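*Asks:* Before anything else, here's the structure in question.
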Amino acid sequence: MLQSNIQTYIEKEMNVQGQSLSLYQEEKEYALQKELIPQNQTIEEKEASLRFKDSYIERVDKETEELILEESPLSFLDTPISYLKEHRSEFLYVESKWFEFIKLDGCSLEVDDVFGTYKVLTGLHIQKKFGSLLKQFFAKELNESPTSVQLLFNDKDGLWDVNIELDAIKEFDEKMSIGEALVLTYRFLFHLVEYVEDAKA
């Protein structure tokens, strides 16, 4: 799935961009590793901060799940992630073509009311039988804590409900902006999908 998505994306971008191909870091590294790009093709790396500039962002009331405000990504992505600690009654809901690209439902970001940790919640479209691979990846990549990840297969929707503490991801820093936290989340989940696909190949 990931390889065919990236292959299709590159072919489309090459038709549009011609001689010089611009890719974000994750897709560029993957494409080079899997030899998906012609040898004579020039590749530039896109600025990571641009990835979510066209995303859809809602601020939502945790208790009622009612929309507070739809935010403009161009300004709101620069807001410090600590905003969520200052507004614990809210969560952020983010939709992006990039989350769809790696078979995620939209992501929610919030601060846990009990532990005060930053959390990302999403739905991952990977078959139930690959649960052990997901657990292996989390055990390898997350700083160990009993609450660092919660994983539950949702039979009704046919996806994994994934709840990860951002604090448990090694590169996370509370000084990050919301945009940087989304880039980190994407990178982490991209490598998760890559890990599962490589292991089952």
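The values are calculated or read from the model by the stated rules, or taken from the named source; none is laboratory data. Since this is a predicted model, take the numbers as computed values, not measurements. Every residue, glycine as well, gets a Cβ built from its backbone with ideal geometry; the counts of neighbours run over all protein chains shown. These area figures cover heavy atoms from the full protein model, side chains too; ligands, DNA and RNA do not enter into them. Shrake-Rupley method; radii C 1.70, N 1.55, O 1.52, S 1.80 Å.
*Asks:* Could you count how many residues in the stretch 115-148 are open to solvent by 40 Å² or more (accessible area, probe 1.4 Å), closer than 29 Å to SER89 by Cα and out of contact with any Ser or Thr (no Cβ under 9 Å at 6 or more places or on another chain)?
*Replies:* Summing the residues that are open to solvent by 40 Å² or more (accessible area, probe 1.4 Å), closer than 29 Å to SER89 by Cα and out of contact with any Ser or Thr (no Cβ under 9 Å at 6 or more places or on another chain) in the stretch 115-148 gives 4.
*Asks:* Then there is this: For VAL111, are the conditions met, namely being over 22 Å from VAL196 (Cβ atoms), buried (at least 18 other Cβ atoms within 10 Å of the Cβ) and in contact with a helix residue (DSSP H, G or I) (Cβ under 6 Å, 6 or more places away or on another chain)?
*Replies:* Spelling it out, VAL111 is indeed over 22 Å from VAL196 (Cβ atoms), buried (at least 18 other Cβ atoms within 10 Å of the Cβ) and in contact with a helix residue (DSSP H, G or I) (Cβ under 6 Å, 6 or more places away or on another chain).
*Asks:* Output the residues belonging to the stretch 6-47 that are closer than 22 Å to VAL94 by Cβ, open to solvent by 40 Å² or more (accessible area, probe 1.4 Å) and not basic (Lys, Arg).
*Replies:* GLN25, GLU47
*Asks:* Can you list residue pairs whose Cβ atoms sit under 9 Å apart, with the first residue in the stretch 133-158 being on the phi < 0 side of the Ramachandran plot and the second being hydroxyl-bearing (Ser, Thr, Tyr) and open to solvent by 40 Å² or more (accessible area, probe 1.4 Å)? Count only pairs 6 or more apart in sequence or on different chains.
*Replies:* Going by the 9 Å Cβ cut-off, the qualifying pairs are LEU133/TYR195; LEU134/TYR195; GLN136/TYR195; PHE137/TYR195; LYS140/TYR195; GLU141/TYR195.
*Asks:* Determine which single condition LEU74 fails, assuming it passes every other condition in (1) in contact (Cβ under 8 Å) with a residue 60 or more places away in the chain; (2) in a helix (DSSP H, G or I); (3) open to solvent by 30 Å² or more (accessible area, probe 1.4 Å).
*Replies:* (1)
*Asks:* Taking the options ARG59, ARG88, name whichever one is surrounded by 13 or more Cβ atoms within 10 Å (Cβ to Cβ), assigned to a loop (DSSP other than H, G, I, E, B), without any contact (Cβ under 8 Å) to a residue 60 or more places away in the chain and charged (D, E, K, R).
*Replies:* Matching residue, one of ARG59, ARG88: ARG88.
*Asks:* Just to verify a result, which residue in the stretch 34-56, among those that are in a helix (DSSP H, G or I) and touching a helix residue (DSSP H, G or I) at 6+ places or on another chain (Cβ under 9 Å), is modelled with the lowest pLDDT?
*Replies:* Looking at the filtered set, the residue picked out is SER49.
*Asks:* Check THR64 against each of (1) among the β-branched types (Val, Ile, Thr); (2) surrounded by fewer than 17 Cβ atoms within 10 Å (Cβ to Cβ); (3) in contact with a strand residue (DSSP E or B) (Cβ under 6 Å, 6 or more places away or on another chain) and name the one condition it does not meet.
*Replies:* All conditions are met except number (3).
*Asks:* With (1) over 14 Å from LYS135 (Cα atoms); (2) surrounded by fewer than 20 Cβ atoms within 10 Å (Cβ to Cβ); (3) out of contact with any strand residue (DSSP E or B) (no Cβ under 8 Å at 6 or more places or on another chain); (4) among the hydrophobic types (A, V, I, L, M, F, W, C) as the list, and MET176 as the residue in question, which single condition is left unmet?
*Replies:* (3)
*Asks:* Just the residues that are open to solvent by 10 Å² or more (accessible area, probe 1.4 Å) and either of a type in the set (Asp, Glu) or modelled with pLDDT of 95 or more (or both), please, taken from the stretch 185-201.
*Replies:* Passing the criteria: ARG187, PHE188, HIS191, GLU194, TYR195, GLU197, ASP198.
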